[in-house]
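In what follows, a structure is listed as C-alpha cells, so that the remarks can point back to it.
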Amino acid sequence: MATNASDPSAQTSDPSHDLIAARRSPLDAIFEPSTIAVIGASEEAGSVGRTLLWNLISNPFGGTIFPVNPNRDSVLGIQTYPSIGAVPSQVDLALIATPAPTVPAIVEQCAEAGVKGVIIISAGFRETGEEGAQREREIKQIVDTHGVRVVGPNCLGVMRPPSGLNATFARSMAREGNVAFVSQSGALLTAVLDWSFRENVGFSAFVSVGSMLDVDWGDIITYLGDDPRTDSIMLYMESIGNARSFLSAARDVAQSKPIIVIKAGRTEAAAEAAASHTGTLAGSDAVLDAAFRRTGVVRVDEINDLFYMAEVLGKQPRPEGPNLTILTNAGGPGVLATDALIGGGGELTPISDDAMDRLDEVLPAAWSHGNPVDILGDAGPERYAESLEIAADDENSDGLLVVLTPQAMTEPTKTAKLLRDHAINNRKPILASWMGGEAIAAGENILNDAGLPTFAYPDTAARMFNKMWQYSYNLRALYETPSLPVDEEGLPDREAAGTLIEEAHTMGRVLLTEHESKQVLSAYGIPTIETRVAETAEAAVEAADAIGLPVALKLHSTSITHKTDVGGVKLNLDTPEAVRAAFESIASSVPADGFDGVTVQRMADLSDGYELIIGSSIDEQFGPVLLFGSGGQLVEVYKDRALALPPLNTTLARRMMEQTKVFEALEGVRGRQPVDMQALEKLMVRFSQLVVEQPRIKEIDVNPLLALPGEGGLMALDARVVLHPHATDDVDLPTPAIRPYPRQYVGTHTMKNGEAVTIRPIRPEDEPKMIDFHKHLSERSVYMRYASLMKKEQRVAHERLSRICYIDYDREMALVAETDDDDIIGVGRLTQQPGRNEAEFALIVVDDYQGEGIGTELLQRLLQVGRDESLDRITADILRQNRAMQHVCEKLDFQILYSDDPTDEMVKAVKTLE
C-alpha cells in the first residue's frame, strides 16, 4: 500500500517531488504572469505609474499589459480602462501605484475581478503611523478572504530577468543570472542594480518586498527554493517578520541552495533606524544569529560579501573543516590572511609530515617550512603548481588560498593557466588572491573563467573561507543523526511541573521560590542539590544538622528575585550558631513582607568543577530563547555565553555549547578530568523540553549549574523561575519560533491481528529505524509509492533520510507506526503546499503488515492533523493501478478524480475538510 504524493523533504533525490514542482504556485501570478494591469498608469514624466508601464513594454515578457486610469483614454499609446473590473481579460498580476488611501478599495476590486497577484508600490502605510497600519489591516483581511497574494506595500516591485519581466520603477533591467536578490530596501536594490552592471553580475530574480503585508520571507524563500533558475538566494533584511515562517522555509531550502543574508541593525542605533524605516521592531541581534545558525543560513556584514559568498558557494566545494592552507610568494599578504582567518574562527592547517617532506623536495631551502607556505618571491608557475598539488593532497587541509603578488620574476598569467589545470575536479575549495592591477588582470580572468574565485586582497579571501566553513558546520547539524535521551521512569513529570506553575499562577504570583524552581527542574530530570525550607532559626539548624555541615542559607521569598543584592545569601556555615546567626541576619535585611523563611542546602565543593549558567528568556520576535555559558557571580563580566532556539536535540545541544569558551575546559584541560558531556547534552535537551512545554514560564535562570568531572557531576545549585503576568491569557503566551515535538499525536492502535502499535510523529533519531524500514519494502511497494523503482541505496542515503526524519512539524507532519520491538512498519506524511491552505499526503506500509489497517489509521490521523491546522483540503496523487490505496481513500470519503486522458497513469484523491 502506497501513494506517490510529494516528499519535499527529499527534493534532491526523491523523484516524486517532480510531480509537485511542476505545478503552479500561487506566487507564479507575481513571478510568471501572462497578463498585467498597471493601476495608476500615467503619462506624467518621471511618475511611478509611467515608469512602471514603460518598463513593462520596453522589456517584453511575452504577456499582455492593461493600463488602468479612469481619467485617460490611453497611456503611452495603449488603451486604458477605468477600473480593473473593466479589463476584458483575466488579469494575473496587478501593479498598484495610487495614493495610499485608495489602495484598500482597489485591492478589493482586484480580488473581486479574480486577480491572484498584487504588487503594491504605493507608500503611506505602517511606516507613517497608526492610520497607515490600519490600511494594511484592511488589505490583509481582503486578501486572506479571497486568496490573493500581495507583495509590498512600499516596495520597488519585482524583476524576473530570465523571462524579461520588469514590474518595477527602477531605471534599468537587471542582467540574467542564477542568483536571486531580495531586499526590504528599495533604494539598496537600485544601488545593487547599478553595481551589477559595472561588475557584470546577473540575477534570476530581483525582488523588493517592502513591509511584507502578506508575502513574507518564508514565502519568497520557498518559491525561489523551488525555482530551477535560482542557484543561490541573497537577502537584505531589516526585520524578520513571521519568524516561524522564515525559519521553516530557510531550514528546508538552505540544505539545497545557499541562503546568504545581510541583516541591518547589529547596533542599537542601526536597529532603531531599521525599525523606523520598515515600521517593525528588530529583535535581538544575537538571537537572530542563533536562528541563522539553526537553519544553515549564512550571515555576512558587507554588501560585497553577499556576492562573494554566492560566488564561492556556487563554484567551489564546501570545506569539511576549518583548516586553511595559505600558499603565497610574499610574507606580508600571508600574515594578513592569517590574521583574518584566525580572527574569524578558522585555523591554519598543521602541515602533515608527508606534505612537509614533499614540499622540501620542490621548494628552495629558504621556504617558510610552515603555514603560510611562503614559496618565495622568485616563484615561477611550475613552483606554484607543484606546491598547490602537494598542499591539496595534505589530509590535514580543508581548503587552500593561493596568493600571488606581482614581482620581477612573477608570471601571473602563466601561473593562472597552470593552477587552472590543477584545480579541475578539486575536492577542496581553492580561492585565489591575485594582487595588483593591470599586470595580473589576464591571469585573474583565467581563474574566474575556470571557476576559481579571485579576491583583490587575501584577508577578504580568508574571511570568505571562514564563512564557507561556518555554512558547512551549520548544515552538518541538519544532517547529523542525534541520539535520543532515554526517558527515565517518571521523567519528565510534566504534570508535576505544570501543577506547581499553575498553583503559583492561580495565586497571582509571577515568581517561584528557589525551592519551587528546583522542584520544576527536578520534574524534568535536572539534578538539583538537596534543599530544605525553614521558617524559623531552629528549623534552619535542624535542617542543617540533617543535611550535614557546612551549609548555605538563602532567602526564601515569593517576591524578591535577586537574593544576593539584599544580603539574602550566607555561605560556609559550619556550626549551629553560625546557621542561627545567618538566619537572623537574612531576616533583618529584607522587609517583613519579602521574608518567607530560608532555604538550607549543603555547601558544594567547587574546587574541581565549573560554574555554568543555563537559562531562558523571551525574545520579541522568536519567543523563548535558551542560554548556556560560564556561570557564577561574574557571569555578566565574562559574558561567555551562547544562545539557541528551543527545542534542542543532543546534536544541537552540543553545537550550542561548542560556541562558548568554557566548552574547551569542560572537555578536560591541564590535567583536569572532563565533565560528562553526554549527560550535559541530555540535561540541555531536558531543559529545552521544560521551556517549550511550560509556556507560562517567562524566564528561567539556573546559576550556578555545577559541573564536576565524571558521572553524576551535574547539579543545579540555585534556580529562579519567573512567570508571565497573571493577566496574560494562555492564547497570548509567546510560542517557540520552531514548533516543538507534537506530543499530542502520540497514541496507540490495535491492528486487525490484535497486535498493538504506537503511532507517533517522526523524530530525527529515527534514521536508523528508517533504514531498516526501507529494507523490508518490496519493489512493488516502492513503485507504488514513488511511481518509479527508486533504488534502496538512494532511499536510505544519509542525506535523504536525515531530511525526511528531521522535519520542523510546521510545514509538514510525518507519523510512523512502531511495533513493540521498535520496528517502524508504516509511515504517513502530510506536506502543506506553499501558498495554499491545503496539503498532500503520502503513505507506505511494509509488505508484511499490509492489510492490517495501518494505512487507514495513519491517514485518519493525518486528516486530524489537517483539521487541527485548519486546512481546507487534503489531496494525493495515486497511480491508477494502485487500487488498494484508492480503496483506503474511498473509505475515508475522498473523491477519486480521473483524468480525461486514458494514458494518464495518475489519479487524484481529494478530501475537503470541515
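For the reader, a short list of remarks on this structure follows.
- Output for the range 186-215, where each listed residue is at pLDDT below 90, outside any helix (DSSP H, G or I) and buried (at least 18 other Cβ atoms within 10 Å of the Cβ): VAL201
- Residues that are in contact with a Ser or Thr (Cβ under 8 Å, 6 or more places away or on another chain) and surrounded by 22 or more Cβ atoms within 10 Å (Cβ to Cβ) were ranked within the range 691-716; the one that is nearest to GLU530 (Cα to Cα) is ALA716.
- Matching residues in the range 446-465 - criterion: being surrounded by 15 or more Cβ atoms within 10 Å (Cβ to Cβ), free of Cβ contacts under 8 Å to residues at least 24 places away in the same chain and closer than 25 Å to GLU347 by Cα: THR454
- Pair list, Cβ under 7 Å, 6 or more apart: the range 430-445 residue under 13 Å from ASN329 (Cα atoms), other residue charged (D, E, K, R): TRP434/GLU444
- Residue within the range 571-578 that is open to solvent by less than 50 Å² (accessible area, probe 1.4 Å), touching a residue at least 60 places away in the same chain (Cβ under 8 Å) and out of contact with any Ser or Thr (no Cβ under 8 Å at 6 or more places or on another chain) present: no
- Considering the range 168-181, the residues that are outside any loop (DSSP other than H, G, I, E, B) and over 22 Å from MET237 (Cβ atoms) include one that is farthest from the chain's Cα centre (by Cα), namely ARG175.
- The range 107-127, subset touching a residue at least 40 places away in the same chain (Cβ under 8 Å) and open to solvent by 20 Å² or more (accessible area, probe 1.4 Å), residue nearest to SER25 (Cα to Cα): LYS116
- Filtering the range 738-759 to residues that are open to solvent by less than 10 Å² (accessible area, probe 1.4 Å) and out of contact with any Pro (no Cβ under 8 Å at 6 or more places or on another chain) leaves MET751, VAL757, ILE759.
- Within the range 505-547, being among the polar types (S, T, N, Q), closer than 26 Å to PRO695 by Cα, open to solvent by 10 Å² or more (accessible area, probe 1.4 Å) and touching a residue at least 40 places away in the same chain (Cβ under 8 Å) holds for THR528, THR531.
- Hits in the range 108-131 (condition: out of contact with any Pro (no Cβ under 8 Å at 6 or more places or on another chain), at pLDDT 95 or above, over 17 Å from VAL207 (Cβ atoms) and not in a helix (DSSP H, G or I)): ALA113, GLY114, VAL115
- Unique match (being open to solvent by 70 Å² or more (accessible area, probe 1.4 Å) and either outside any loop (DSSP other than H, G, I, E, B) or of a type in the set (S, T, N, Q) (or both)) among GLN601, GLN621, GLN633: GLN633
- When the criteria are applied in full, ARG829 fails the requirement of being out of contact with any strand residue (DSSP E or B) (no Cβ under 9 Å at 6 or more places or on another chain), at pLDDT 95 or above and not hydroxyl-bearing (Ser, Thr, Tyr).
- Within the range 805-819, the set of residues being over 16 Å from VAL865 (Cβ atoms) and touching a strand residue (DSSP E or B) at 6+ places or on another chain (Cβ under 7 Å) comprises GLU818, THR819.
- So LEU859, is it closer than 30 Å to HIS146 by Cα, within 32 Å of the chain's Cα centre (by Cα) and without any contact (Cβ under 8 Å) to a residue 40 or more places away in the chain: yes
- Residue under evaluation ILE233, criteria (1) at pLDDT below 90; (2) in contact with a Pro (Cβ under 9 Å, 6 or more places away or on another chain); (3) of a type in the set (Val, Ile, Thr), criterion not met: (1)
- Of the residues making up the range 163-185, those that are crowded, with 21+ Cβ neighbours inside 10 Å, touching a residue at least 60 places away in the same chain (Cβ under 8 Å) and either in contact with a Pro (Cβ under 6 Å, 6 or more places away or on another chain) or among the hydroxyl-bearing types (Ser, Thr, Tyr) (or both) are THR168, SER185.
- Residue under evaluation ALA5, criteria (1) of a type in the set (Gly, Ala, Ser); (2) buried (at least 24 other Cβ atoms within 10 Å of the Cβ); (3) modelled with pLDDT of 50 or more, criterion not met: (3)
- Looking at LEU863, LEU858, LEU830, LEU871, just one residue is assigned to a strand (DSSP E or B) and either touching a Cys at 6+ places or on another chain (Cβ under 8 Å) or surrounded by 19 or more Cβ atoms within 10 Å (Cβ to Cβ) (or both), and that residue is LEU830.
- Scanning the range 799-825 for residues that are part of a helix (DSSP H, G or I) and either open to solvent by 20 Å² or more (accessible area, probe 1.4 Å) or in contact with a His (Cβ under 8 Å, 6 or more places away or on another chain) (or both) gives a single hit, GLU799.
- You will find that of ARG149, ARG160, the residue that is within 28 Å of the chain's Cα centre (by Cα), at pLDDT 95 or above and open to solvent by less than 10 Å² (accessible area, probe 1.4 Å) is ARG160 and no other.
- Which listed residue is assigned to a helix (DSSP H, G or I), in contact (Cβ under 8 Å) with a residue 24 or more places away in the chain and not basic (Lys, Arg), from THR230, THR222: THR222
- Evaluation of PRO834 against the conditions (1) touching an Asp or Glu at 6+ places or on another chain (Cβ under 8 Å); (2) under 24 Å from LYS792 (Cα atoms) shows that the sole unmet condition is (2).
- Condition met for LEU388 (assigned to a strand (DSSP E or B), open to solvent by less than 40 Å² (accessible area, probe 1.4 Å) and under 18 Å from ILE440 (Cβ atoms)): no
- Among (1) modelled with pLDDT of 95 or more; (2) over 24 Å from VAL635 (Cβ atoms), the one test that PRO768 misses: (1)
- Complete set of residues in the range 789-811 that are out of contact with any Phe, Trp or Tyr (no Cβ under 7 Å at 6 or more places or on another chain) and charged (D, E, K, R): LYS791, LYS792, GLU793, ARG795, ARG800, ARG803, ASP808, ASP810, ARG811
- Just one of (1) closer than 22 Å to ILE139 by Cβ; (2) among the hydrophobic types (A, V, I, L, M, F, W, C); (3) assigned to a helix (DSSP H, G or I) fails for ILE57. It is (1).
- Among residues of the range 548-570, those that are free of Cβ contacts under 8 Å to residues at least 60 places away in the same chain and either of a type in the set (Asp, Glu) or assigned to a helix (DSSP H, G or I) (or both), counted: 2
The values are calculated or read from the model by the stated rules, or taken from the named source; none is laboratory data. This structure is a prediction, so every number in the text was calculated from the model and none was measured. Every residue, glycine as well, gets a Cβ built from its backbone with ideal geometry; the counts of neighbours run over all protein chains shown. Side chains are part of the model used for accessible areas, which takes the heavy atoms of the whole protein and leaves out ligands, DNA and RNA. Shrake-Rupley method; radii C 1.70, N 1.55, O 1.52, S 1.80 Å.
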